[in-house]
Amino acid sequence: MTAYVIILIAGLIAGTISGVIGTGSSIILLPILVLQFGPKQAVPIMAIAALMANVARVMAWWRDVDWRACAAYSITGVPAAALGARTLLVLPSRFVDAALGAFFLLMIPARRWLENHAFRIRLWHLALAGAVIGFLTGIVISTGPLSVPAFTAYGLMKGPFLSTEAMSSLALYVTKVATFRGLGALPLPAIVSGLIV
């Protein structure tokens, strides 16, 4: 019971921070969820939590969604997220541990490099980003540090950025959750844990 209280408090803090900056809740919650549930269970649990967080962001900024950008990103990101989720389920747990750690360590220099080069991208670039980020979203807990630079490089800021990134992520997470559920990797206790988060 104590673990769920800690997860609930961490979820509230992470959700507040993520609501302000548009991403980051998964990175905050990752260590707690992996310690409590293990890496393979942490990913589906966080998928439920991320789904709910993105629904909240979309509801708050609904009128600002850039539907063209959302469609370009999601049209390739959705099938890629399903493929990534399937890939995660066949990987050994030790590999998942190492992949999660390496991914989050590499995110620091990758994000700085993207910010320093101030790229401007078009819709077709956003579709390419959706495919790559979608696949990674299926495997790891969060790819916000990659999707944020993609949408800002497209020119979205403030409300349009928050809403469009959230709507696109929502499409990926619905796919990820459906894939996990369809493959039996999201039992009822994991769904309950995700709802608590």
Using a/c under 1.5 as the rounded threshold, could you call the range 13-58 rounded, prolate or oblate? The axes a ≥ b ≥ c are square roots of the C-alpha gyration tensor eigenvalues, and prolate needs a/b larger than b/c, oblate otherwise.
oblate
What residue among Val174, Val34, Val78 shows peak mean-square fluctuation when the chain is described by a Gaussian network model with Cα springs under 10 Å?
Val34
With the chain treated as a Gaussian network of Cα nodes joined by springs under 10 Å, which of Ala166, Ala69, Ala81 yields the largest mean-square fluctuation?
Ala69
Reviewing (i) 16.7, 52; (ii) 18.9, 60; (iii) 15.6, 48, the figure for Rg and Dmax of the Cα atoms in Å actually calculated from this model sits under (iii)
Which length gain, in nm to one decimal place, applies between Thr87 and Ile75 when the Cα-Cα distance is subtracted from 0.36 nm times their residue separation?
2.4 nm
Could you tell me how far the Cα centroid of the range 1-55 sits from the Cα centroid of the range 128-178, in Å?
17 Å
State, as an integer percentage, the relative contact order of the chain based on alpha-carbon contacts under 8 Å between residues 6 or more apart.
38 percent
Using a 10 angstrom cutoff on alpha carbons, build the Gaussian network for the chain and name the most mobile of Pro109, Pro149, Pro160.
Pro109
If you plug each phi of the range 179-193 into the Karplus form 6.51 cos²θ - 1.76 cosθ + 1.60 with θ = phi - 60°, what whole-Hz ³J(HN,Hα) values come out, in order, with x for Gly and Pro?
5, 4, 5, x, 9, x, 9, 10, x, 3, x, 5, 5, 4, 4
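Since every read-out is calculated from the coordinates, none of them should be taken as a lab result. All values reported here derive from a predicted model rather than from experimental measurement.
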